[in-house]
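**Student:** This is the structure, below, for whatever I ask next.
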Amino acid sequence: MLYREAGQFKSSYAADQQLFPIRQDRIGIILLLAVAFLVIPLVAGEYWFSAILIPFLIFALAALGLNILTGYAGQLSLGSAAFMAVGAYAAYNFQLRVEGIPILFSFIGAGLTAAGVGILFGLPSLWIKGFYLAVATLAAQFFIVWCLTKFPWFSNHSSSGVISAQKVVILGHVFASPREKYLLVLSIVAVLALAAKNMARSSTGRAWMAVRDMDVAAEVIGIRLLPTKLLAFAVSSFYCGVAGALYAFCYLGSVEPDGFSLDMSFRILFMIIIGGMGSILGSFLGAAFILLLPIFLDIALPWLAGLFGLPFSNATVSHIQILVFGALIMFFLIVEPHGLARLWQIGKEKLRLWPFPH
Amino acid sequence: MFAYRKPLLMTAAAFAMLSQVAAAEEQFFPIVSYRVGPYGANGQSFYGGFVDYLNYVNLKDGGINGVKLAWEECETEYNNAKGVECYERLKAKAKVSTGPLHVMSTGISYALIDKTAEDKLPLAMMGYGRTDAVDGSVFPYAFPLVTTYQMQASAIIKFIKDKEKGNLDGKKIVFLYHDSAYGKEPIVALQEEAKLNKFALTLIPVAHPGNEQSAQWLQIRQENPDYVVFWGWGVMNQTAIKAAQKVGFARDKMIGSWWAGSEEDTVPAGDAAKGYMAATWNVAGSDVPLIADIKKVVYGAGKGNLQDQAKLGTILYNRGVSAAVLSVEALRGAQEKYGKGKPVNGEQVRWAMENLNITDARLKEIGATDLLPPIKTSCADHEGSGMVKIQQWDGAKWVPVSGWIEGNKGLIHPLFKASAQQYAKEKGITPKDCAKES
C-alpha cells in the first residue's frame, strides 16, 4: 500500500525518462536530501560530523567511483586509493602553485588530473581482463605511491613527504567548522551522485554495461571498446580524485602517500562488493557498512560487556570487533551475494505487494 | 514481573557508574592507543607502561594533589582514520580536563595537529611526529618533547665523531632508511652535518615493510662505509641486522634510531644483533627505582596493565612510563599555576608543557633518573632537551655505552624554524611572538 505505482500514469517521454520515475522514490530522495541538508546540521554534534558523516560521504564517493569502473563497466581495479592520492596531491599543488585559484576549481582539477592518470593506467584494459587487469591496476597503486614519495616536488619539498591541506575558502568564506565542511562535502557528493545516476542510464552507461556483460557482443553491436573502457577509467578516477581531495582538505587535513595504501583500495573494493556492484545506492550502503559497523561495535561491545560485568580489556574488544565484523561480512555475502542494495530492492518489491502478498 | 526489575536496576546502576567516571574532581586522560594490528606488540609495551604509571600515581599518592587520574582508551590499530575517530570520540570529555595526548604514530599525530590546535588540546609527540613543531610560535599545541629525529641524527653523528677522535674528514657514512615520512625526516640534518664535518653521506632507501634488503646490503658492501646510520621500523630492523651479518658488516659500526633499538628488534635477530647499537632517550631494565616501585605498588595490588609481565622494564615499556612521567609533571605544573587540587584543562596544560622544567634533582625524586634527560621547554623550544644516549645490545640486554649526547642545536634548530615558517605561510598562520610569552 505504501509503495504502489498504480495510478501513476506517464503521458510524456520526459515523464517516463526522469531520474526517479516512481513518485515515492522522488519524495523519498527529496526527503533524504532535506534531512541531510537541513535537519542533520542542526542536530548532529561535532563527533558525528568529523568522525562519521564526513568520512562516510567521502568513502561513499570513492566507492561510487570504483563502482562505475567495476560495477558498471566490469573492469576490476585495485588502484582506487592511489587515484585518491593523485587527487589529494593535485588539489594541494593547484592551491599552492596557482595564485588565487578557487578551491572548487582545485577540486575539479584534482579530479581531472586523476582522470588523466586513470586513462594512462586504463590503457592495458584493452588487452587484459579480469584478475589480470586487477594486477595491472595494482601496479598503479604501487607506482603512484612510490612516485609521490620519490619526487619531493609533489609535496613541495616537505622533508617528511607529508602535505598539509590549505584552508578551504569559497567566495571569501572560510569553511573551518566540521559542520561547514560537512555541508560542502555533502553538496559535492550529492551533485556527483546524481550525475552518476544519470550517467548510468544514459547511452554511456548502457555501453559500459554492454561491455561488462560481454565485450565481444558489445563490439559487434557497434560499441567501440577502447573509448568506452577508457571513459569508464576516466570517470571513475575523476570520482576517486575528488574523493581524495576531500579526504585531504575536509577530513584529515594532512596526508602522506603511505596513507593511501593498498589496504584502503581493498576497503573501497569491499564497500562495493558488500553494498552492491553496479548500484549507486550500493556504494553508499557499502561505505556505511564498512566504515560505521566497526565504530558501532567498538562503542557497543564495551557497553555490553559492562552490562554483564565481563572484564573486557581494550585489546579484547578490538579482537572481538574484527571477529564479528568478519562474520557479518560472510553472513551478508551468503544471504545476499548481490549486496545490500539488492536487499533494499527486494524490500521494495515486497512493499509493493504489502499487505496482500500473492 | 519482578523478574524484569533486577536487570533494570542493574542497568540503572551501570549507567550511574558510567556517569561517575566523568566526575568533576578527576583529571581525565584521553588515551588514543593501539594494542592490536601490525605494531600492536610495540603499543602493548608503550601503553602498558603509560597506564601503569597513571595507576601508580593514583595508588601511591592518591592522584596529583588529591586529584585522581582517570582515563579512557580507544583502539586505533595504527590507522590514521581510526585515530581521528578515536580523538573525536574522546574529545568531549577531554575538553573538560585533559592530560597530554600521546598517539605514538606519526601519521595520526600529523592528522591531529590542526585539530588539536583548534580544540585547544595539547598533543605530545615524544620522538615522532611533526618535528618542526619544536617552534612553538607556529605550533602552540604540539610538543615534540624530549628530542626529535633531526637532533637524534645529529647526536649520533656526534657520537661517531667522538669515537673517531673528533675528526670525520673523508669518512663514509651510509644512511639506510625506511622510505617514508619517518625515515626521510633526518636526511636534511645529516646533509648539513656532512657539509660541516666533511664526511661522505650515501642515502639508501628501503621500501616498506623492508623484509627484503639484499640489494641494499650489497650496495653497502660495495661502498664499504665506516658507519651505517640506520632508520628502521618494525620487521625491517631485524632483517637489516641479519643482512649485515650475512654481508659481514660489523654490527658495532651500525647505529639505529630509537625506533630501531628495542628488544622487539634485537631478540628475533638472535646472535646477529650482538654489538648492534641504537639511540634511546630512556634506559631499559626493571632496576630503575621507579620501574621497580611500579612493579611493587601496581603489580603488587594486581592492577598492572601488562598481560605479559616479561615486558616490564623493556625499552618501550620504560618509554611509556617516561611519557606518563612527563605528562604527570606537566599536570603538576599546571595545578601549581592554576590552582592546586583542581583538574586542569587543555589550555592550562599547554602552558605547563611550554614551561616544563624537570631537573636532574626532580627526576631523582621520582626515581626516574635515566628514564628521561632533564627537560626545560619554552615557547621557542618545544623539544626541551635534544639529548639521547647510545646503547648497545650485548646479546641479552641493552647496555648504555654513552652519557647524554646533545645534538647540534645551533645547526638543527634553524632548520625547524625555516620549515615552521613555510608551514605558517602555506596555512596562513600568524606566528605568535615568543618574546611576549611569560
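**Student:** Among residues belonging to segment B:23-36 that are in a loop (DSSP other than H, G, I, E, B) and touching a residue at least 60 places away in the same chain (Cβ under 8 Å), point out the one that is nearest to the other protein chains (Cβ to nearest Cβ).
**Tutor:** First, pick out the residues of segment B:23-36 that are in a loop (DSSP other than H, G, I, E, B): B:23-25, B:34-36.
Filter again for touching a residue at least 60 places away in the same chain (Cβ under 8 Å), leaving B:24-25, B:34.
Details: B:24: 21, B:25: 22, B:34: 9 Å.
Once the filter is applied, the top-ranked residue is B:34.
**Student:** Taking the condition of being β-branched (Val, Ile, Thr) and more than 9 Å from every other protein chain (Cβ to nearest Cβ), how many residues in segment A:141-161 meet it? Lay out the reasoning, then the answer.
**Tutor:** The initial filter retains those residues of segment A:141-161 that are β-branched (Val, Ile, Thr), namely A:144-145, A:149.
Narrowing further to those that are more than 9 Å from every other protein chain (Cβ to nearest Cβ): A:144-145.
The number of residues fulfilling the criteria is 2.
**Student:** Another one. As an exercise: evaluate residue B:383 against (1) of a type in the set (D, E, K, R); (2) part of a helix (DSSP H, G or I); (3) buried (at least 17 other Cβ atoms within 10 Å of the Cβ) and give the number of the one condition it does not meet.
**Tutor:** Result: residue B:383 fails condition (2) only.
**Student:** Among the residues of segment B:65-97, count how many are of a type in the set (Phe, Trp, Tyr), over 15 Å from residue A:295 (Cβ atoms) and modelled with pLDDT of 90 or more. Don't jump to the end; show me each part of the working.
**Tutor:** Within segment B:65-97, the first condition is being of a type in the set (Phe, Trp, Tyr), and the residues that meet it are B:71, B:78, B:87.
In the following step, the residues that additionally are over 15 Å from residue A:295 (Cβ atoms) were identified as B:71, B:78.
So of that shortlist, the ones also modelled with pLDDT of 90 or more come out as B:71.
Number satisfying all stated conditions: 1.
**Student:** Further question on the same structure: Can you go through B:39, B:56 and tell me which one is surrounded by fewer than 23 Cβ atoms within 10 Å (Cβ to Cβ) and either in contact (Cβ under 8 Å) with a residue 40 or more places away in the chain or β-branched (Val, Ile, Thr) (or both)?
**Tutor:** Checking each option against the conditions leaves just B:39.
**Student:** Just for segment B:209-220: of the residues that are outside any helix (DSSP H, G or I) and crowded, with 19+ Cβ neighbours inside 10 Å, which one is farthest from the other protein chains (Cβ to nearest Cβ)?
**Tutor:** Only one residue fits best here, namely B:213.
**Student:** Filter segment B:338-390 for residues that are of a type outside the set (Gly, Ala, Ser) and at positive phi and give the result. Break it down into steps so the answer makes sense when it comes.
**Tutor:** First, the residues of segment B:338-390 that are of a type outside the set (Gly, Ala, Ser): B:338, B:340, B:342-345, B:347-351, B:353-360, B:362-366, B:369-377, B:379, B:381-383, B:387-390.
Hit for segment B:338-390 is B:370, nothing else.
**Student:** For segment A:79-102, give me each residue that is outside any helix (DSSP H, G or I) and either in contact with a Cys (Cβ under 6 Å, 6 or more places away or on another chain) or buried (at least 24 other Cβ atoms within 10 Å of the Cβ) (or both).
**Tutor:** A:79
**Student:** Report the residue count in segment B:95-113 for those that are assigned to a loop (DSSP other than H, G, I, E, B), β-branched (Val, Ile, Thr) and crowded, with 24+ Cβ neighbours inside 10 Å. Before the answer, list the steps.
**Tutor:** Taking segment B:95-113 and keeping what is assigned to a loop (DSSP other than H, G, I, E, B), we get B:95-100, B:103-105.
Still in the running and β-branched (Val, Ile, Thr): B:96, B:98, B:103.
Applying the additional criterion that residues be crowded, with 24+ Cβ neighbours inside 10 Å yields B:98, B:103.
Residues in segment B:95-113 being assigned to a loop (DSSP other than H, G, I, E, B), β-branched (Val, Ile, Thr) and crowded, with 24+ Cβ neighbours inside 10 Å: 2 in total.
**Student:** I've got another one for you. Count, please, the residues in segment B:339-361 that happen to be within 23 Å of residue B:400 (Cα to Cα) and exposed (fewer than 15 other Cβ atoms within 10 Å of the Cβ).
**Tutor:** Total meeting the criteria: 3.
**Student:** Return yes when residue A:164 is of a type in the set (Ser, Thr, Tyr), under 22 Å from residue B:205 (Cα atoms) and within 12 Å of chain B (Cβ to nearest Cβ) and no when it is not.
**Tutor:** Criteria not met by residue A:164.
Matching residues to (1) in contact with a Leu (Cβ under 7 Å, 6 or more places away or on another chain); (2) basic (Lys, Arg); (3) over 21 Å from residue B:51 (Cα atoms); (4) within 12 Å of chain A (Cβ to nearest Cβ):
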site: B:89; (1), (2), (3), (4): no, yes, no, yes
site: B:114; (1), (2), (3), (4): no, no, yes, yes
site: B:123; (1), (2), (3), (4): yes, no, no, no
site: B:139; (1), (2), (3), (4): no, no, yes, yes
site: B:158; (1), (2), (3), (4): no, yes, yes, no
site: B:163; (1), (2), (3), (4): no, yes, yes, no
site: B:167; (1), (2), (3), (4): no, no, yes, no
site: B:172; (1), (2), (3), (4): no, yes, yes, no
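**Student:** Here's something else I'd like to know. May I ask you to say which residue of A:180, A:219 is farther than 30 Å from residue A:327 by Cβ, free of Cβ contacts under 8 Å to residues at least 24 places away in the same chain, within 14 Å of chain B (Cβ to nearest Cβ) and not small (Gly, Ala, Ser)?
**Tutor:** A:180
**Student:** Moving to a separate point now. Taking the conditions exactly as written (part of a helix (DSSP H, G or I), in the same structural domain as residue B:344 (by TED's automatic domain parsing) and in contact (Cβ under 8 Å) with a residue 12 or more places away in the chain), does residue B:83 satisfy them or not?
**Tutor:** Answer is yes for this residue.
**Student:** Continuing with this model, one more query. Quick check, is residue A:252 within 14 Å of chain B (Cβ to nearest Cβ), of a type outside the set (Gly, Ala, Ser), surrounded by 24 or more Cβ atoms within 10 Å (Cβ to Cβ) and under 12 Å from the mean Cα position of the chain (by Cα)?
**Tutor:** No, not satisfied.
**Student:** Among the listed residues B:376, B:427, B:389, which satisfies the condition of being within 14 Å of chain A (Cβ to nearest Cβ) and in contact with a strand residue (DSSP E or B) (Cβ under 9 Å, 6 or more places away or on another chain)?
**Tutor:** Numbers: B:376 fails: within 14 Å of chain A (Cβ to nearest Cβ); B:389 fails: within 14 Å of chain A (Cβ to nearest Cβ).
From the options B:376, B:427, B:389, the qualifying one is B:427.
**Student:** Follow-up. Which one is farthest from residue A:237 (Cα to Cα) among residues in segment A:117-128 that are of a type outside the set (A, V, I, L, M, F, W, C) and in contact (Cβ under 8 Å) with a residue 24 or more places away in the chain?
**Tutor:** A:125
**Student:** Among the residues in segment A:29-37, are any among the small types (Gly, Ala, Ser), away from every other protein chain (no Cβ under 14 Å), under 24 Å from residue A:246 (Cβ atoms) and free of Cβ contacts under 8 Å to residues at least 12 places away in the same chain?
**Tutor:** There is at least one residue in segment A:29-37 that is among the small types (Gly, Ala, Ser), away from every other protein chain (no Cβ under 14 Å), under 24 Å from residue A:246 (Cβ atoms) and free of Cβ contacts under 8 Å to residues at least 12 places away in the same chain.
**Student:** Moving to a separate point now. For segment B:92-112, what are the residues that are within 14 Å of chain A (Cβ to nearest Cβ) and touching a residue at least 60 places away in the same chain (Cβ under 8 Å)?
**Tutor:** Filtering segment B:92-112 down to residues within 14 Å of chain A (Cβ to nearest Cβ) leaves B:92-95, B:103, B:105-112.
Those that are within 14 Å of chain A (Cβ to nearest Cβ) and touching a residue at least 60 places away in the same chain (Cβ under 8 Å): B:93, B:94, B:95, B:103, B:105, B:106, B:107, B:108, B:110.
**Student:** Another question, if that's okay. Modelled with pLDDT of 90 or more and touching a Lys or Arg at 6+ places or on another chain (Cβ under 6 Å) - does that describe any residue in segment B:356-368?
**Tutor:** Yes; the residues of segment B:356-368 include at least one that is modelled with pLDDT of 90 or more and touching a Lys or Arg at 6+ places or on another chain (Cβ under 6 Å).
**Student:** Okay, moving on. Does residue A:261 meet the test of being under 22 Å from residue A:82 (Cβ atoms), within 12 Å of another protein chain (Cβ to nearest Cβ), under 20 Å from the mean Cα position of the chain (by Cα) and among the polar types (S, T, N, Q)? Lay out the reasoning, then the answer.
**Tutor:** Numbers: under 22 Å from residue A:82 (Cβ atoms): yes; within 12 Å of another protein chain (Cβ to nearest Cβ): yes; under 20 Å from the mean Cα position of the chain (by Cα): yes; among the polar types (S, T, N, Q): yes.
It is true that residue A:261 is under 22 Å from residue A:82 (Cβ atoms), within 12 Å of another protein chain (Cβ to nearest Cβ), under 20 Å from the mean Cα position of the chain (by Cα) and among the polar types (S, T, N, Q).
**Student:** State whether one or more residues within segment B:98-112 are at pLDDT 90 or above, over 29 Å from residue A:46 (Cα atoms), of a type outside the set (Asp, Glu) and over 16 Å from the mean Cα position of the chain (by Cα).
**Tutor:** no
**Student:** I'd like to know if segment B:184-199 contains one or more residues that are assigned to a loop (DSSP other than H, G, I, E, B) and either within 14 Å of chain A (Cβ to nearest Cβ) or in contact with a helix residue (DSSP H, G or I) (Cβ under 7 Å, 6 or more places away or on another chain) (or both).
**Tutor:** Within segment B:184-199, not a single residue is assigned to a loop (DSSP other than H, G, I, E, B) and either within 14 Å of chain A (Cβ to nearest Cβ) or in contact with a helix residue (DSSP H, G or I) (Cβ under 7 Å, 6 or more places away or on another chain) (or both).
**Student:** Determine whether residue A:291 is under 28 Å from residue A:196 (Cα atoms) and either part of a helix (DSSP H, G or I) or away from every other protein chain (no Cβ under 14 Å) (or both).
**Tutor:** Against the criterion (under 28 Å from residue A:196 (Cα atoms) and either part of a helix (DSSP H, G or I) or away from every other protein chain (no Cβ under 14 Å) (or both)), residue A:291 qualifies.
**Student:** Among A:311, A:355, A:337, which is over 23 Å from residue B:80 (Cβ atoms), in contact (Cβ under 8 Å) with a residue 60 or more places away in the chain and either surrounded by fewer than 20 Cβ atoms within 10 Å (Cβ to Cβ) or within 14 Å of another protein chain (Cβ to nearest Cβ) (or both)? Steps first, please.
**Tutor:** On the way: A:311 fails: in contact (Cβ under 8 Å) with a residue 60 or more places away in the chain; A:337 fails: in contact (Cβ under 8 Å) with a residue 60 or more places away in the chain.
Exactly one residue qualifies, and that residue is A:355.
**Student:** Those residues that are assigned to a helix (DSSP H, G or I), crowded, with 20+ Cβ neighbours inside 10 Å and free of Cβ contacts under 8 Å to residues at least 40 places away in the same chain, I need them from segment B:252-272; list them, please.
**Tutor:** Selection gives B:260, B:265.
**Student:** Still on this structure: May I ask you to verify whether residue A:298 is assigned to a helix (DSSP H, G or I), within 14 Å of chain B (Cβ to nearest Cβ), charged (D, E, K, R) and without any contact (Cβ under 8 Å) to a residue 40 or more places away in the chain?
**Tutor:** Yes: the conditions hold for residue A:298.
The values are calculated or read from the model by the stated rules, or taken from the named source; none is laboratory data. All values reported here derive from a predicted model rather than from experimental measurement. Every residue, glycine as well, gets a Cβ built from its backbone with ideal geometry; the counts of neighbours run over all protein chains shown.
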